[in-house]
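Input: a single structure, listed below in structure tokens.
No value in this document is a laboratory result; all are computed from the given coordinates. Bear in mind that the values here come from a model prediction, so they are computed numbers and not experimental data. Positions of Cβ are backbone-derived with ideal geometry, glycine not excepted, and every protein chain shown enters the neighbour counts.
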Amino acid sequence: MNYDCIIIGGGIAGLTCGIKCASEGLRCAIISSGMSALHFSSGSIDLLGSHSGQDVIKEPYTELNRFIEENSEHPYKKCGADTIKDAFSFFQNEVSAQGLDLFSNEEKNHFHVTPVGTLKTTFLSQQSVFNKKIRDAFFRKPKIAVINIDGFRDFYPAVGRINLKKNRLFKDCEIITGSISLPDIKLNPKNPHEFRSIDICRIFDSYLDLNKISSLISSVAGDADIVGIPAFLGLNNYTVIIKSLREKTGYIIYEIPTLPPSILGIRLDNILKSRYAELGGVFIAGDRVIGGKISNGILEYIHTENHPETRLYAGSYVLSTGSFFSGGMTSNVEKIQEPVFDLAIDYDKGRENWRGQAFFHPQSHPFLSFGVKTNDYLNPYGPSGELIENLFCTGAVLSHYDPVKEGTGSGVAISTGFLAGTQIVQRKTGQNKRDHD
Amino acid sequence: MINLENISFDHCIKCTICTGYCPVAKVTHLYPGPKQSGPDLERLRIKNQRLVDASLKYCNNCKRCEIACPSDVKIADIIGSAKWKYSKKKLSLRDFLLSRTDLMGRVSTFFSPIVNFFTRLSVVKFFLDVFLNIPSKRKFPKYAYKTFRQWFSKNRDSQENFERKIVYFHGCYVNYNDHDLGKAAVAVLNALKIGVVIAREKCCGVPLIANSYFKKACKNANHNIKTLGKAVESSDMKIISSSSSCTFALKYEYANLLELDNSPIADRTEYITEIIYQEFEKGNIPKMKPVNIKAAYHAPCHLERMGSVIYTIGILKKIPGLELKLLHSECCGMSGTYGFKKECYQISQDIGSDIFKKIDKIKPDLVITDCETCKWQIEENTVYETIHPVTLLSRALEANNS
Ligand SMILES: Cc1cc2nc3c(=O)[nH]c(=O)nc-3n(C[C@H](O)[C@H](O)[C@H](O)COP(=O)(O)OP(=O)(O)OC[C@H]3O[C@@H](n4cnc5c(N)ncnc54)[C@H](O)[C@@H]3O)c2cc1C
Ligand code: SF4
Ligand code: SF4
């Protein structure tokens, strides 16, 4: 057998699990089709933002125990508060070892600004979204300049300004808006160039003159304290670019997450994948797992869309295929299904109860919490109800949690990925299942 | 008429993630990227074919956009068939010569010492550059003397003793340039107690597709579907190839891009390392001696697209004494004949520059890759010998026999 562990799906859940296993010396492979939800995300990691969807939690670790008590089937309940804490510190250390620092507000939540200027509660962010300087500047009612780059169509500073102004935190801040033209950019006159976040990001990464861009920013931002700019300040050299803009202009540079492709999310994805590779993990990006053989409560092997006849064997398997958005769950007029193994799922059979009252609603949509049913160790149940001992489910494919309402998205992915990884390592080293109490 | 069957472009959610992974769009503004050239413009092209724009030629068909797309849009196929269906192929002697690998091979193997001598002369290179737009910096792969088939026909008898057999599609590269790879494939399969059969074959068509000779590509494809199909029809024999791009063409491109019925061969065709992997999993592992080297592995784009990298890595991990360093998966820039065109040369070099640096940093004893054109690109831009995984496997066997 070539692998100790094969992970299906390479989003933040699958990668966290893979990094955990590989860091303990296990031979791991991740098979993933299509890029994950990280490419659409803010790049900030939510841990626990709200109990009911209406309140805002300030100290997630303090509230975790109550939250777990009130939500007995929640994936967090299966992890337990200690594992969640361990998982976060493991995650933070691993990405930091690979060169990306994530900041928390001394274990309290902070907010990040969305592309339309609303605020979202979150727990860990990159330095250009949250750090101590940004936090301290807020107590001084800073002057803020929201700046766009001419031609970038996915961001409207004026809209951002109006929404920010509606917020209590920004009520007394002066907010100005403006835009600059990138100097010396090479565009092909024959092609109406796309100019999305990724295109601008590449210009920053490769040849932009940071001196020129700094003086352009200064000419628009004037005596502002903070400059908010869409997050396209590089995918490879962002640390140097942001630092240099900060030093040359004297402003605090704040990156605002953009519409997809989200550069902040892709940075995190790249870092996690490099970490995993550095630890010796194998990542297969071009294929989709379509099924496998389950007998006597054991998943024996799996096979993929491109190679339906070849069997891939491992000691343990992980299902981290995400929710509906990533194809980890599917739905049609009649039913909702887990498409790879047809695992038992928790969902409301009445189709009329799948969605909420409005698209944007604090109570979110019920379908978001539909997903795979698992026992306390994250093992799922097969089509005929039998427990599958060597398959673990992690992340958005799980049931009984709503990332939007609770603000728990990446937190659940990291915690369950870590928990699954820990158990797989224990299985491999022959120890018994951990004592759950 | 709008072809309503081919509307995968309609699944596009406009996230632009594909463009983030396009190696060409990454290094040049001449190419607007897969989203615009694929699903976006296809909507317009199906209504008015004059909206086809010349930048499509910059797509090197690496398929990395398709791997990245979360919505399963067949982006590179859309671009490929747009080149074929909507644009007229201009006459080009260079494209003709670059794409007729079997014709060039037949002639060159006959005169190989002379051809190899001339293609390395700077006068000739200058001529190729000025008159044919083939950059003088490019080295041509060396031609072998005679063909692999000629060698094989002399050794055919030894294959009769095996109970289990497999059809080996050797492809142009093995036939005209690198007999050793073909011999290594035969040796490794024999060591697994599998005999080799060779059918009549024509160039798989990959270089023809890349240079928009679609009619000729279809002709070759039909020939291969017929002869390979016939070779396996009355048995459960598999068809394998030691070239990732040939395998990709036989198995997928014939149906998805050329819209031919390749069902007689599609399910039977596998890349060579997958078959070896399956044997290894069954415990059929020949004795090997430690190779005691450090090697960097580069995964070619088409192997990545097929999801077959796992098999190559799987068998490499079974070679004793091999310290394997996996390179971050990215396009090397050569993409078959792409890097041999003057207008694409710089793009090709820029795409590969990261990989060259990473290899230099690892300082391996050699580089391993499954694709012949990746090999050319890496050998031209680094100082390291670059070999096929099966060649390394056969070296481990040889060490055992000696
Ligand atoms: C648009 C969007 C934005 C979000 N933003 C945030 C945010 O800003 N902060 C936050 O904390 N949370 C956010 N979330 C919540 C999110 O669900 C989690 O944070 C987290 O990204 C989920 O990770 P995952 O690894 O479980 O699944 P995913 O990231 O969805 O990854 C699943 C992967 O598995 C692959 N896959 C699926 N089926 C197969 C198969 N059969 N074979 C092989 N591969 C397969 C998919 O292609 C995908 O790559 C967001 C969610 C969405 C949908
Ligand atoms: S990645 Fe897929 S869905 Fe996204 S823009 Fe490209 S083709 Fe469309
Ligand atoms: S096939 Fe490769 S070069 Fe062509 S558009 Fe897709 S990613 Fe770009």
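Details
- For the peptides A:159-167, B:311-319, A:414-422, residues were scored by their other Cβ atoms within 10 Å and the scores averaged per peptide; the highest-first order is A:414-422, B:311-319, A:159-167.
- For A:F392, the residues 5 or more places off, or on other chains, whose built amide H falls under 5 Å of its own are A:Y317, A:V318, A:L319.
- Mean Kyte hydropathy of -0.5 or more with a Cα span along the axis of at least 20 Å, helices from DSSP in chain A: A:81-97, A:263-278, A:409-428
- FRET efficiency, B:N48 to A:A81 (Cβ-Cβ, R0 45 Å, nearest 0.05): 0.15
- Modelled spin labels at A:D223 and A:I290, positioned 7 Å past Cα toward Cβ, are 6.8 nm from each other.
- Span from the the stretch A:207-262 Cα centroid across to the the stretch B:275-354 one, whole angstrom: 39
- Shape call, chain B: gyration tensor on alpha carbons, a/c limit 1.5: rounded
- Calculated SAXS-style log₁₀ I(q)/I(0) at q = 0.31 Å⁻¹ - the stretch A:277-321, Debye, Cα scatterers: -1.26
- Take each peptide in B:345-351, A:120-126, B:285-291, count the other Cβ atoms within 10 Å of every residue, and average; sorted highest first, the result is A:120-126, B:345-351, B:285-291.
- Modelled spin labels at A:H361 and B:S235, positioned 7 Å past Cα toward Cβ, are 6.4 nm from each other.
- Counting lysine pairs in the stretch B:8-85 that sit 8 or more residues apart in sequence, or on different chains, and whose Cα atoms lie under 13 Å apart gives 6.
- Shape call, the stretch B:8-85: gyration tensor on alpha carbons, a/c limit 1.5: oblate
- At the listed q of 0.05, 0.06, 0.08, 0.09 Å⁻¹, the Debye profile of the protein assembly as shown, built from one uniform point per Cα, gives log10 I(q)/I(0) equal to -0.29, -0.42, -0.75, -0.94.
- Shielding score for A:255-261, defined as the mean number of other chain Cβ atoms within 10 Å: 3
- For the segment B:303-314, counting C-beta atoms of other chains within 10 Å of every residue's C-beta and taking the mean gives 6.
- Among the residues of A:281-294, the average count of other protein chain beta-carbon atoms within 10 Å of the residue beta-carbon is 4.
- Under the span-like rule (Cα at least 15 Å along the axis, Kyte-Doolittle mean at least 0.5), DSSP H helices of chain B: B:179-191
- Which of B:V196, A:V397 has the fewest Cβ neighbours within 10 Å, and the rest in rising order: B:V196, A:V397
- For chain B, calculated [θ]222 nm from helices alone, where every DSSP H run of n ≥ 4 adds -39500 (n - 2.57): -13500 deg cm²/dmol
- Proximal aspartates and glutamates to B:K358, defined as alpha-carbon separation beneath 17 angstrom and excluding residues fewer than eight positions away on the same chain: A:E278, B:E323, B:E330, B:D350, B:E379, B:E380, B:E385
- Projecting the Cα atoms of A:P380, A:V318, A:G395 onto the charge dipole of chain A (Cβ charges, centred on the Cα centre) puts A:G395 farthest toward the positive pole.
- Cβ-derived FRET efficiency at R0 56 Å, A:R351 paired with A:D150, nearest 0.05: 0.75
- Separation of alpha-carbon centers, the stretch B:19-42 and the stretch B:235-262, rounded to whole Å: 27
- Partners for B:K287 among lysines (Cα-Cα distance below 21 Å; same-chain residues under 8 apart left out): B:K165, B:K183, B:K193, B:K317, B:K318
- Sorting A:L26, B:L260 by the number of Cβ atoms found within 10 Å of their own Cβ, with the fewest placed first, yields B:L260, A:L26.
- Among B:H223, B:H179, B:H170, a tally of other beta-carbon atoms within 10 Å of each Cβ gives an order, fewest to most, of B:H223, B:H179, B:H170.
- The charge dipole of the stretch B:287-401, taken about its Cα centre with unit charges on the Cβ atoms of Lys, Arg (+1), Asp and Glu (-1) only, comes to about 420 debye.
- Ordering of B:137-149, B:298-310, A:62-74, B:382-394 by burial proxy (mean other Cβ atoms within 10 Å per residue, highest first): B:298-310, B:382-394, B:137-149, A:62-74
- Under 18 Å from a label point set 7 Å out along the Cα-to-Cβ vector of A:E334, the amide N atoms of the stretch A:350-394 belong to A:350-352, A:383-384.
- Computed E for A:E70/A:K132 - FRET, C-beta separation, R0 25 angstrom, nearest 0.05: 0.15
- Calculated [θ] (222 nm, deg cm²/dmol) that DSSP helices of n ≥ 4 give over chain A, each run adding -39,500 (n - 2.57): -9500 deg cm²/dmol
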